[in-house]
């Protein structure tokens, strides 16, 4: 199975066999474009993303023997990054990224216009309104660029765009359309779309994530060096695909997907409709599959916080040396010598849903150096994620972690100590690609069900047990972290208007 994971800054191409073993991998990169100094407007180029996908596939350097064994292609992709295409299937705009905050006003208007109960009824899911969601973005486009909106055929995301480039077909899945598609009825959330001043016909056609959405075209096959006519499986958004790559057939499983932003939550099987609807404020709840429900939150700066720190403080002599700074941070005791870091570099989504939040180093003294700051960044991300898990009543026995940061043993141990829960990594860190491979294996008839495929194709790698002493020390630190956020919250709002 050839899988494509279209992330925020790169596309990974990974080939798995039907037992979930990773055989080959390559990647292609593309840019993130900031249109203003404050990084309120964050965009990407559809053409650059497709070029990165082509580079990733070509980078696998597949020979004829491997090509002949391929059963299909499947896609996992970032969502909440939207752009308009016209009736000639050409982009009308650049992608408005999930990091973009231009629609904050419209998100606030959405929250005022509809109660949480009304939103849940129209979406079939619990999704707090945020600037990254499609309805606020559509309202922003109607307000500022109505002429462009009038020319549009569809509002699409990277997965739909790449699928079209591969097959010439437009299609999405309802979970990737969350925020403007009803998750249970599999239909557009027409009242919300009309409130935004748009037409429900902007929603692409919907299919199931394991179904064949089209066949690889001759033109694209020649471009990327693959057999024409290869089935292309619709696939899922990056969160769902990564959760599937961690799942292994186990309900009540904690999940943690690392990346530019970080997701954390619980995969559960509610005992009743009442339990399914009992969702804490600030937490997302979406149907997964087979009566499973995913409770989760997403922090806007997970891996991005570390990348930002390394770019600003560790790149004077060339490329940042992550291994060296991790070694330095490992020698700093838990708590970073009473130094805290709020990692809100781009505002924050869960659980605060506050676009005005900002990053802060607090407690700096002359005795601190960059090793303390580096560890504080790692700990700050862990604390920010804990503010999400604290809203979910049930604590799992283990949390499975995937993504780039899952390779970082120090960070894994810090999180285990902070949360007081065992962390488990997987044999492959590319859980999103593995989830896409599971869907492809089901779509190709290799397995009869998603549960059967997930059980056969997922395997745990290393485990990180929490240290009781370190956990006790972090408890006090965490209390100060939360108090610090709430103390600064009024100033965040005040300075954002300055």
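The values are calculated or read from the model by the stated rules, or taken from the named source; none is laboratory data. Values in this document were obtained by computation on a predicted structure and should not be read as measured data. Because the Cβ atoms are built from the backbone with ideal geometry, glycine has one as well, and the counts that use them run over all protein chains shown.
When the residues of the stretch 1-18 are filtered to those that are modelled with pLDDT of 95 or more and part of a loop (DSSP other than H, G, I, E, B), the one that is surrounded by the most Cβ atoms within 10 Å (Cβ to Cβ) is 1. Of all residues in the stretch 154-189, those satisfying the criterion of being in a helix (DSSP H, G or I), in contact with a helix residue (DSSP H, G or I) (Cβ under 7 Å, 6 or more places away or on another chain) and closer than 22 Å to residue 131 by Cβ are 158, 161.
When residue 260 is tested against the conditions (1) assigned to a strand (DSSP E or B); (2) closer than 30 Å to residue 31 by Cα, the lone failure is (1).
With the condition kept exactly as written, say whether any residue in the stretch 390-403 is in a helix (DSSP H, G or I) and under 19 Å from the mean Cα position of the chain (by Cα). Among the residues of the stretch 390-403, not one is in a helix (DSSP H, G or I) and under 19 Å from the mean Cα position of the chain (by Cα), which makes the answer no. For residue 202, state whether it is in contact with a strand residue (DSSP E or B) (Cβ under 8 Å, 6 or more places away or on another chain) and surrounded by fewer than 23 Cβ atoms within 10 Å (Cβ to Cβ). Against the criterion (in contact with a strand residue (DSSP E or B) (Cβ under 8 Å, 6 or more places away or on another chain) and surrounded by fewer than 23 Cβ atoms within 10 Å (Cβ to Cβ)), residue 202 qualifies. Within the stretch 309-366, the set of residues being more than 27 Å from residue 42 (Cβ to Cβ) and touching a helix residue (DSSP H, G or I) at 6+ places or on another chain (Cβ under 6 Å) comprises 326, 328, 329, 330, 332, 334, 335, 336, 337, 339. From the list 163, 216, the lone residue that is surrounded by fewer than 24 Cβ atoms within 10 Å (Cβ to Cβ) and within 21 Å of residue 28 (Cβ to Cβ) is 216. Scan the stretch 109-144 for residues that are within 24 Å of residue 357 (Cα to Cα), without any contact (Cβ under 8 Å) to a residue 12 or more places away in the chain and assigned to a helix (DSSP H, G or I) and jot them down. Once the filter is applied, which keeps residues that are within 24 Å of residue 357 (Cα to Cα), without any contact (Cβ under 8 Å) to a residue 12 or more places away in the chain and assigned to a helix (DSSP H, G or I), the stretch 109-144 yields only 112. Residues of the stretch 412-423 that are assigned to a helix (DSSP H, G or I), under 23 Å from residue 238 (Cβ atoms) and touching a residue at least 60 places away in the same chain (Cβ under 8 Å): 415 alone.
Does at least one position in the stretch 447-461 carry a residue that is crowded, with 18+ Cβ neighbours inside 10 Å and more than 19 Å from residue 250 (Cα to Cα)? No, there is no match, as no residue in the stretch 447-461 is crowded, with 18+ Cβ neighbours inside 10 Å and more than 19 Å from residue 250 (Cα to Cα).
When the stretch 242-257 is filtered for residues that are in a strand (DSSP E or B) and either free of Cβ contacts under 8 Å to residues at least 24 places away in the same chain or surrounded by 24 or more Cβ atoms within 10 Å (Cβ to Cβ) (or both), the ones remaining, listed by number, are 254, 255, 256, 257. Screening residue 466 against (1) in a loop (DSSP other than H, G, I, E, B); (2) free of Cβ contacts under 8 Å to residues at least 40 places away in the same chain leaves a single unmet condition, (2).
Tell me, please, whether a residue that is exposed (fewer than 15 other Cβ atoms within 10 Å of the Cβ), free of Cβ contacts under 8 Å to residues at least 24 places away in the same chain and assigned to a helix (DSSP H, G or I) can be found in the stretch 28-41. No, there is no match, as no residue in the stretch 28-41 is exposed (fewer than 15 other Cβ atoms within 10 Å of the Cβ), free of Cβ contacts under 8 Å to residues at least 24 places away in the same chain and assigned to a helix (DSSP H, G or I). Here 79, 75 are screened, and the one residue that is part of a strand (DSSP E or B), within 24 Å of the chain's Cα centre (by Cα) and farther than 21 Å from residue 151 by Cα is 75.
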